[in-house]
Amino acid sequence: MNHNNKTSRQCIWAILLMAITITASAAPLNILEFKKNQLTTVEQTQICTLLKSFCDQTERLRSLKAPDHKLWLLKNDRIAVFHPSQSGLKLDGQWQLPFAVEDTNDDDSSFIFPKLFPMTPTRYAVAVIAPFLEMYSGGGASIERASFYELLEQGKTQRFITDYPFSFTRMIRACFSEQDYEQAKDRCHDEDGLSLDIRPLKPMLWQFRYHYHLEVSPVSDSGEKSYKGSRNLNIDLNQAPKQPNIPDDWNYAGQG
């Protein structure tokens, strides 16, 4: 009787895993977000047993559950994934991303953007963001560039997008005299910026949605006018272009 019960439980578990796999394959490709404080006490205990490097500095630990019920972890420059089983979590893989560093207090330190990007229902990628600041008289800029890495088996990664514009904000001084300050009425800078939204359309095809805005000071001598613009680009992940096809003003990478 005990043997039959054990066999029945194993069969039920196998059927459940198969159903989960089928459901995940049929699910739409959605970008998933790593969040803090999502793990149960049982999950935390099992994770510490399997991967001690994820036990300390738990305030930096983020997690998510994918449509196939796999548990993903993100901590500093490391990622790990587990699958559920009858006996608890089992480690499927772990990665350490290049250029991502642990000192996240440094404004110029690279970091893993806390989202998991599906390339197909079973292939995932992450973005490593390289931020930097530049300062000049009466203004400055904050810039982020993104490189995307596929998470391969055996802890390997493969970069397929390099140094794409991810976001920036910039301010350039426009007021230089008392008359300028009076006329500008607190609008003493030319300001522009870029943001990016990514949407998976189908396996191996993402849409990059760039949004740009420029606000020109009333006393600016740039000769430009305020405007907003956007551009949607379909990016084939098998052969992504070296840089996205956006205007040069949108693809600001600093003064060098």
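The values are calculated or read from the model by the stated rules, or taken from the named source; none is laboratory data. Nothing here was measured: the structure is a model prediction, and the numbers come from that model. Note: ideal-geometry Cβ built from the backbone for every residue, glycine included; neighbour counts use all protein chains shown.
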Residues located in region 200-224, provided they are of a type in the set (A, V, I, L, M) and exposed (fewer than 14 other Cβ atoms within 10 Å of the Cβ): LEU201
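Sort out which residues of region 184-219 are of a type in the set (D, E, K, R) and either touching a residue at least 40 places away in the same chain (Cβ under 8 Å) or outside any loop (DSSP other than H, G, I, E, B) (or both), and write them in order of number.
Listed by number, the residues that qualify are ASP190, GLU191, ASP192, ASP197, ARG199, LYS202, ARG209, GLU215.
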Residue that is modelled with pLDDT of 95 or more and not β-branched (Val, Ile, Thr), where the choices are SER63, SER87, SER109, SER137: SER63
Exclusive hit being at pLDDT 95 or above and surrounded by fewer than 13 Cβ atoms within 10 Å (Cβ to Cβ), set LYS52, LYS35, LYS6: LYS35
Candidates PHE34, PHE82, filtered to the one that is in contact (Cβ under 8 Å) with a residue 40 or more places away in the chain, within 28 Å of LYS202 (Cα to Cα) and not charged (D, E, K, R): PHE34
Which listed residue, of ARG159, ARG173, ARG123, is closer than 20 Å to ASN30 by Cα and surrounded by fewer than 17 Cβ atoms within 10 Å (Cβ to Cβ): ARG123
Pairs with Cβ under 8 Å, 6+ apart, first in region 220-243 and of a type in the set (A, V, I, L, M, F, W, C), second part of a loop (DSSP other than H, G, I, E, B): LEU233/PRO244; LEU233/ASN245; LEU233/ILE246; ILE235/PRO241; ILE235/PRO244; LEU237/MET204
